[in-house]
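What follows is one structure encoded as structure tokens, with my remarks underneath.
The values are calculated or read from the model by the stated rules, or taken from the named source; none is laboratory data. What you see is a predicted model; the values in this text were computed from it and never measured. Every residue, glycine among them, receives a Cβ derived from its backbone with ideal geometry; neighbour counts consider all protein chains shown.
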Amino acid sequence: MESFFEILFDILFELIIEGSLEVSMTKSIKVPLLLRILAVLFIVVIYGGLCAVFLIVGIKNEQPLLIGISVVLLIMVIVAFVIKYRGYRRR
């Protein structure tokens, strides 16, 4: 059974990531540009850190599967960002 703090952390982390994605992709005047830039930087740091951890652990333990997962995850994040950015620019 999951502990209370683990569930609470999961909910808060999901809210922060979803909120950052929503704020970073809005063109609204109500959200300042500085806040949108900080939200994008936060998202890049979180996903970049996750990819880096997988890559470092895979290299350290000589696990090609883990290295492959980190590379695929990095490619997926880049593709998702490009798709979101193109949709944002078309609006």
#### Entry: Residues being of a type in the set (S, T, N, Q) and within 22 Å of GLU14 (Cα to Cα) - total across region 25-83
2
#### Entry: Every pair of residues 6+ apart whose Cβ atoms lie under 6 Å, when the first sits in region 23-41 and is within 19 Å of GLY87 (Cβ to Cβ) and at pLDDT 65 or above while the second is of a type in the set (Phe, Trp, Tyr) and surrounded by 10 or more Cβ atoms within 10 Å (Cβ to Cβ)
MET25/TYR88
